[in-house]
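A short write-up of the structure that comes next.
Every read-out reported here was derived from the displayed coordinates using simple, explicitly stated rules and does not represent laboratory data. Keep in mind the model is a prediction, meaning the values are calculated, not measured. All Cβ positions, glycine included, derive from the backbone under ideal geometry; neighbour counts span all protein chains shown.
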Amino acid sequence: MTEITNKYLDKYAELVIPWILTNGVKIIFIIIGAVILNKIVTTFIEKAVRIAVRPDGISSQEAEEKRENTLIQIFNTTARIGIIVIAALMVLEEFGVEIAPILAAAGIVGLAFGFGGQYLIRDIISGLFIILENQYRVGDVVSFDNASGTVQEISLRKTTLRDLDGTVHHIPHGEIKKVSNLSKDFSRINLDIGVSYNTNLEQAITVINKVGTALADDPEWKSAILLAPQFLRVNDFADSAIMLKILGETLPSKQWEVSGELRKRLKVAFDNEGIEIPFPQIVLHNATTTKTVDSAEKA
């Protein structure tokens, strides 16, 4: 019994030891090479992203680092999957497994997945470019074709918005055709106010500029205002009013608060100065009817 066991062990050793010294060593080198390559690629991707992504000068350092880390994680995950797949195929080949049928089957599966998951792939690619180009960030107020609101979350596949009603919208990135960022870098006050046609325009302009300057100097509001709201031009001759355009600049997403306070102060100032903010009016002209009476009727 011992002789038979030793015989099988010797035969097994004759088969295994040469395989370990050849294919086994190759497998070890493949695994070590994959680990080293992953380290090199990871380091390269991190440095490349840090160099390629330029700060916009508005976002905080934390926000910029968050965007860079998101891109680094995406690229590293993609590269790691590729390295693992290639290394696994090479290891299987060393075990004597034919990888040609595996590659053919993977091609067929990939083709089927491409047809079935084309919308998912489109969403992911679009999301990658949104993050890479820094089109908008969490906290920005944006408007899409079919929804608008504050950005709550950005993933590779979708963006989550919450509007003023509190409704949450989930928009796949592939469905986004146009993005209007209402709070990118800075926001603008763009206000039209009407005054009656008998108003002294120079007086109205002086009051507007005075109110805008006072608002910008107010300690409660000055931190939100970048450029004091001021008169820009006579914008239109409307049916019942002369429309005056007022422009100013605020911090991102602060334009609505500042505009509301500006309207309130302008109403008070106009009332004090006797400047009328007219409402729509229709003037009716009644034609006078003259009745002619002949001499016979007079008699």
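A few notes on this one:
- In order along region 223-233, the phi-based Karplus estimate (6.51 cos²θ - 1.76 cosθ + 1.60, θ = phi - 60°) of 3J(HN,Hα) comes to 5, 9, 9, 8, 9, 4, x, 9, 4, 10, 6 Hz; Gly and Pro are listed as x.
- FRET efficiency estimate (nearest 0.05) - Cβ-Cβ, residue 22 to residue 146, R0 51 angstrom: 0.25
- Total lysine pairs under 25 Å (Cα atoms) in region 177-288, excluding pairs fewer than 8 apart on one chain: 18
- Centroid-to-centroid separation of region 186-212 and region 216-274 [C-alpha atoms, Å]: 7
- Using the Cβ of residue 175 as centre and a radius below 13 Å, the other residues enclosed give a net charge of +3, where K and R count +1 and D and E count -1.
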